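What follows is a short report on a single structure.
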Amino acid sequence: MPELHPRIQPIFDEVLRRNAGEVEFHQAALEVFESLGRVIAKNPQYAEASILERICEPERQIIFRVPWVDDAGRVQINRGFRVEFNSALGPFKGGLRFHPSVYLGTIKFLGFEQVFKNALTGMPIGGGKGGSDFDPKGRSTAEIMRFCQSFMTELYRHIGEYTDVPAGDIGVGGREIGFLFGQYKRITNRYESAVLTGKGINWGGSLVRTEATGYGAAFFAQEMLKTREQSFDGSRVLVSGSGNVALYAIEKVHQMGGTVVACSDSSGVVYDADGLDLDLLRQVKEVDRGRLSDYADARGSASDYRADSSIWSIADATHIDVALPCATQNELSDADARVLVDNGVVAVAEGANMPCTPGAVRIFTDASVLFGPGKAANAGGVATSALEMQQNASRDSWTFAHTEERLEEIMRGIHERCVETADEYGEPGNYVLGANIGGFTRVADAMLALGVI
Ligand code: NDP
């Protein structure tokens, strides 16, 4: 583990002590702290105002019971979370995750990352995150609705368009946002469109929001490739996951002339040597809500399904230029990174949050692989959520082309900010450093201006 700046080490020790057992949060905090040594040395005002200590402590953490009745009439109990991390730049903003692995440490790591990501977009949004250990897999639509209604029956009192604006994440897509918004509207008697983002197009949603995170990750990777006079055109690409982010990353890579040869879910991997059939994939995942094994069955001999296999090992068998991890945290291990590097990968951009282990990130950067951290590469989702809030505030709706243009412009801006910041701090090409410092200084300066609150 690299050494931390002597002023930062005790702050990190205190984070470990106060947040015992929250390993993903420790990992996320350490990753930011490793970038901040020179910032703290150059800007003593941050240390004097205890900005780092304050930034690691969420403004508010809410944990609540979510009781609901399943189709068999049994009462089920889940735990709900909303961590309102930092509102120096605007209302708390960040998604809701429904997955059985969710606990406070997951939500805190995601909320912490969100603070810097949102700052990096240059938009007026603070950072937060929420969710539940509810497992939507195998549940009927009626059960999902009852769960969402019960979840919102507690959450509604903590959110609002000027306070905290949740959106989707793993296990929370357009259907769930609909049920959550319906219950909010019913309880409050307010059609407050901008209280949630990721809404349906005909009731306050924004075009491109569904596509935004995946498209944005592809745009970001394209910007990184340009710095080496390369592009997606003619490239072979791996995209992990097969959810919202993965599907639209695949779509944009194909539009840019690349070929995505594999994707995954938590049960297995499909490898189609000549490229995935995106129309079929969307039918299976978005319409039928099926599994990748169903896709492989429908595709027949063009598809090779590998149960319980790692998608990254495919780089051993075929040449891969770009990897886009778009599933979940710590899904790309040190060993996976080694396989990708040994087989000539040029760029890796994180569509998911923290999908690469710290060791994997070091292997990529030591090998001069272009590496785009999630804070920068997947910020297109939240940026388009902010565009949705803008449209709601002005009661307007923009065209697909205009919104996509804004997204592309925002991703280019984030890329530029990372590159310029890394140059300024003497580490050209280090996107991790650029993203961490670029995001941190914007939040830290706002916190200084707002006083000790
Ligand atoms: P979805 O629920 O739509 O899809 C998640 C995908 O990842 C599914 O294919 C799922 O497979 C797979 N997955 C989940 N857990 C694992 C696991 N342990 N091992 C292997 N595969 C797994 O979520 P999203 O696409 O919305 O989110 C994906 C990532 O992107 C997350 O890290 C999220 O935080 C991040 N992100 C999402 C944004 C958004 O706008 N949606 C914005 C920014 C970041 P299975 O179906 O088998 O569970």
Only unsatisfied item for residue 3, checking (1) assigned to a helix (DSSP H, G or I); (2) surrounded by fewer than 20 Cβ atoms within 10 Å (Cβ to Cβ), is (1)
For residues in segment 95-123 being surrounded by 24 or more Cβ atoms within 10 Å (Cβ to Cβ) and small (Gly, Ala, Ser), which is farthest from residue 166 (Cα to Cα)? 119
Are any residues in segment 170-212 among the basic types (Lys, Arg) and either surrounded by fewer than 18 Cβ atoms within 10 Å (Cβ to Cβ) or in a helix (DSSP H, G or I) (or both), and if so, which ones? 175, 185, 186, 190, 209
Would you call residue 270 touching a residue at least 60 places away in the same chain (Cβ under 8 Å), of a type in the set (A, V, I, L, M, F, W, C) and surrounded by 17 or more Cβ atoms within 10 Å (Cβ to Cβ)? no
Taking the conditions exactly as written (near the ligand (Cβ under 9 Å from one of its atoms) and closer than 15 Å to residue 349 by Cα), does residue 237 satisfy them or not? no
Would you kindly identify the helices (runs of 4 or more DSSP H) lying entirely within segment 31-94 that contain at least 1 residues that are hydrophobic (A, V, I, L, M, F, W, C) and surrounded by fewer than 16 Cβ atoms within 10 Å (Cβ to Cβ)? 37-42
Out of segment 302-338, which residues are assigned to a strand (DSSP E or B) and within 16 Å of the ligand (Cβ to nearest atom)? 305, 306, 307, 323, 324, 332
Of the listed residues (317, 323, 337), the one being among the hydrophobic types (A, V, I, L, M, F, W, C), crowded, with 23+ Cβ neighbours inside 10 Å and farther than 12 Å from residue 240 by Cβ is 337
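Where a number appears in this text, it was derived from the coordinates with a stated rule and is not lab data. Worth saying up front: this structure is predicted, and the values here are computed from it rather than measured. Backbone-built Cβ (ideal geometry, glycine too); neighbour counts: all protein chains shown.
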